[in-house]
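The values are calculated or read from the model by the stated rules, or taken from the named source; none is laboratory data. Just so it is clear, the structure is predicted and the values come from calculations on it, not from any experiment. Quick reminder, even Gly has a Cβ in these numbers, built from the backbone with ideal geometry, and neighbours come from all protein chains shown.
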Amino acid sequence: MDHGTPHFLAFPDRDDAAAVVRRLRSAHPGLKSVDHPSGRPWILGNWDDEDLAVARAGHDSVALIGTLPRLGSELQDLVARMNGSPAALDNLPSVLPGDFHVLGSVAGALHVQGTAYGTRRVYHGRVDGTVVASDRALRLAELVGASIDMSALAWKLLLPVPRHLDGRTMWLGVDAVEPGLRLVVGAGDERVRTVRRHRPPESRLRMAEGAAAVREALVSSVRARTHRGGLMSSDLSGGLDSTSLSSIAAGQLGEGEFIVCTNGGDESINEDGHWARVAASAWPHVEHYQLPPEEQPLFYSGALDTTCRSDFPGMIAVSRKRATILMSRMAERGSRLHMGGQGGDHLFFSSGSHYYSLLTRRPLLSLQRIRAYGILYGWSWTTVLRQLANRGSYRSSLAAVDLDGSGDLSFSAPGLNWVRQPVVPSWLTADCRELLAKELARVVAEAEPRSPVVSRHLELDNLLTTTLDMASTCDASRLAGVPLSMPYFDEAVVDAALSVRVEDRATPYAYKPLLMEAMRGILPDACRARTSKAEGSFDAVGGLYRHRAELIELWQESALGKAGLIDAARLADLCSRPGTPDLKDGSINSTLSCEVWLRSVA
């Protein structure tokens, strides 16, 4: 068990749980701990002292673990008012900015909750009959001695993975708690149940009110990262998302406390470098680090690296060296935390799916905007009309997934319905396809969407799928030397964005209008002129050519091949011809992430 990585294990207030803790302490000395009010062990693990806050009153205790704001008496006051009722735990993330787990020992029962949109997750399993909860599925799998769930791994070969086939863990005997739910383990009989503690808000606010809410939430979330002092760093790609975060942090930090970082690229292809310099020039007290273009790793660099162990396969495997080089440079400079702009696209950029759901309420506006999106992205009008006419259920859409076909996830393919046809790699074995088909048939009968509204289901699914994938990126960043933090995914920020009316925040006529309005007066005026975003397909293609020898070597000893999930020889042959059409749909990326993950944990 790697105790250099922050993690926790949480135990119910029972004598048999204490026996499990004693064995763990004996095998792994040096673990930190927090006790129940009874004196029995409650939380065991590894964390930075500043990432933990505990308050107690009578028979109740509450612990926060993660990125915490500056705390006064708020937490202690809350515990003092609980009187054995855990309901007050539910609203903590909306009252306190940041990104953290909430653990409660309330009237003898164990309560554990992560964040509503999945940046902090909760898992549980049984060790010698004792329920143990954790923030890391991998830690529980090691503790339980769990075997890998090959059917769960098989679904990770597709992109995207449909809901109900994506939320479970990669191990048999380790279960996941869905984001938005709280895990409860009873004090007496150790029954495990979950209760819903969060629901996304209705989209009712108009632009002015919504922009003010987004602004307040973002400023508070960034302050939860900056208040500790010391040197911090942040992405500054030149795009609106990272520039907004950097603008807020630059206003909160002084000289010598903040470095903004630009991953240099070919400026004959995109304007990122130019716009990053424009932004940085507005903050003379902030250092601007620009990675020389010739030092930028290509995609697929380091494809054989299996040193990063994560809960799930992650797309970071495709570009780990590229994605973490700035963190490595900032670690050399002594940065304690690095902020990333991930999540901005999910909250403020729309591809038009909202207007499928709005069509019955505002038909003229919806048709006008769908037409504009279609022109912008080059949609096939036959496909658009067919999708608009499709008013089938979520279950029927899920049942229609074609495991012998392959989807198009680009913006040129409208995705207005419940489920997008996933990209299905051509190198899956017949046994793998049969396994997928059986699983799909099993879940269809009981599957429910994340929301009864198609567009809300799609945006929540996109958010939760991304935060699940970003967990491995955070692991890689920490391994590179600096923890990565993503304020856009904070619960209060997402709630503020989702509370704004669709017609105000999703439009083909303006680029991220809600974020642009929220950042008025904070974002440098010169940066408001940019309405574009860079695209990295050139680097991806170049990476396939440059690193094909490594990729061929990877498939020659493929763990997925030995497991019977892929035809490794066929994939090695395709990688010897990087220009082949079989690799243009990006399906090699999900296969690569699964291969590297399986090797790292097995």
Does region 120-137 hold any residues that are part of a loop (DSSP other than H, G, I, E, B) and either in contact with a Leu (Cβ under 6 Å, 6 or more places away or on another chain) or at pLDDT 95 or above (or both), and which are they?
-> ARG120, ARG121, ASP135, ARG136
Kindly check whether there is at least one residue in region 110-118 that is modelled with pLDDT under 95 and not hydrophobic (A, V, I, L, M, F, W, C).
-> no
Of the numbered conditions (1) buried (at least 16 other Cβ atoms within 10 Å of the Cβ); (2) at pLDDT below 95, GLU295 fails exactly one; give the number of that condition.
-> (1)
Return the pairs, sorted by first residue and then second, in which the second residue is buried (at least 16 other Cβ atoms within 10 Å of the Cβ) and in a helix (DSSP H, G or I), the first residue lies in region 68-84 and is in the same structural domain as ARG120 (by TED's automatic domain parsing), the beta carbons are less than 6 Å apart, and the residues are 6+ apart or on different chains.
-> PRO69/ALA224; LEU78/ALA88; MET82/ALA88
Index of the failed condition, GLY39 passing every other in (1) free of Cβ contacts under 8 Å to residues at least 12 places away in the same chain; (2) over 15 Å from GLY104 (Cα atoms) = (2)
Has region 69-77 got any residue that is touching a strand residue (DSSP E or B) at 6+ places or on another chain (Cβ under 8 Å), of a type in the set (A, V, I, L, M, F, W, C), more than 30 Å from GLN252 (Cα to Cα) and buried (at least 18 other Cβ atoms within 10 Å of the Cβ)?
-> no
All but one of (1) within 23 Å of SER485 (Cα to Cα); (2) small (Gly, Ala, Ser); (3) assigned to a strand (DSSP E or B) hold for SER94; which doesn't?
-> (3)
Is there any pair with a first residue in region 211-223 that is within 12 Å of ASP490 (Cα to Cα) and a second that is among the polar types (S, T, N, Q) and buried (at least 24 other Cβ atoms within 10 Å of the Cβ) whose Cβ atoms are under 8 Å apart and which are 6 or more apart or on different chains, and what are they?
-> LEU218/SER244
So LEU468, is it assigned to a helix (DSSP H, G or I), buried (at least 24 other Cβ atoms within 10 Å of the Cβ) and out of contact with any Cys (no Cβ under 7 Å at 6 or more places or on another chain) = no
Failed condition for ASP408, given (1) more than 15 Å from PRO508 (Cβ to Cβ); (2) in contact with a helix residue (DSSP H, G or I) (Cβ under 9 Å, 6 or more places away or on another chain), with all others met?
-> (2)
Of all the residues that make up region 258-317, how many are part of a strand (DSSP E or B) and not acidic (Asp, Glu)?
-> 10
Residues in region 45-64 that are closer than 12 Å to PHE8 by Cα and touching a helix residue (DSSP H, G or I) at 6+ places or on another chain (Cβ under 6 Å) total 0
Does GLY239 count as over 22 Å from GLY334 (Cβ atoms) and either assigned by TED's automatic domain parsing to the domain that holds ARG322 or touching a residue at least 24 places away in the same chain (Cβ under 8 Å) (or both)?
-> yes
Scan (1) surrounded by fewer than 20 Cβ atoms within 10 Å (Cβ to Cβ); (2) touching a strand residue (DSSP E or B) at 6+ places or on another chain (Cβ under 7 Å); (3) in contact (Cβ under 8 Å) with a residue 24 or more places away in the chain; (4) not in a loop (DSSP other than H, G, I, E, B) for the single condition SER33 breaks and write down its number.
-> (3)
Positions within region 336-374 being basic (Lys, Arg) and surrounded by fewer than 18 Cβ atoms within 10 Å (Cβ to Cβ), in sequence order | ARG336, ARG361, ARG362, ARG371
Say we look at region 138-157 and pick out the residues that are among the aliphatic types (A, V, I, L, M) and in contact with a Gly (Cβ under 9 Å, 6 or more places away or on another chain); which of these is farthest from ARG126 (Cα to Cα)?
-> MET150
May I ask you to say which residue of SER576, SER532 is at pLDDT below 95, surrounded by fewer than 14 Cβ atoms within 10 Å (Cβ to Cβ) and under 24 Å from the mean Cα position of the chain (by Cα)?
-> SER532
Looking at (1) touching a residue at least 40 places away in the same chain (Cβ under 8 Å); (2) touching a Lys or Arg at 6+ places or on another chain (Cβ under 7 Å); (3) buried (at least 17 other Cβ atoms within 10 Å of the Cβ), which is the one condition that is false for GLY230?
-> (3)
Got a sec? Which of VAL502, VAL494 is touching a helix residue (DSSP H, G or I) at 6+ places or on another chain (Cβ under 7 Å), surrounded by 24 or more Cβ atoms within 10 Å (Cβ to Cβ) and at pLDDT below 95?
-> VAL502
SER105 passes all but one of the listed conditions (1) crowded, with 16+ Cβ neighbours inside 10 Å; (2) part of a helix (DSSP H, G or I); (3) among the small types (Gly, Ala, Ser); the exception is number (2)
Evaluate the following for ARG22: is it assigned by TED's automatic domain parsing to the domain that holds THR119, closer than 22 Å to LEU140 by Cα, part of a helix (DSSP H, G or I) and of a type in the set (Lys, Arg)?
-> yes
Do we have ALA413 as among the small types (Gly, Ala, Ser), buried (at least 21 other Cβ atoms within 10 Å of the Cβ) and within 30 Å of THR580 (Cβ to Cβ) here?
-> no
Region 327-359: number of residues that are part of a helix (DSSP H, G or I), over 19 Å from PHE489 (Cβ atoms) and modelled with pLDDT of 95 or more = 6
Across region 374-419, what is the total count of residues that are in contact (Cβ under 8 Å) with a residue 60 or more places away in the chain and touching a Ser or Thr at 6+ places or on another chain (Cβ under 9 Å)?
-> 7
Assess whether GLY45 counts as being within 30 Å of TYR488 (Cβ to Cβ), touching a strand residue (DSSP E or B) at 6+ places or on another chain (Cβ under 6 Å) and not charged (D, E, K, R).
-> yes
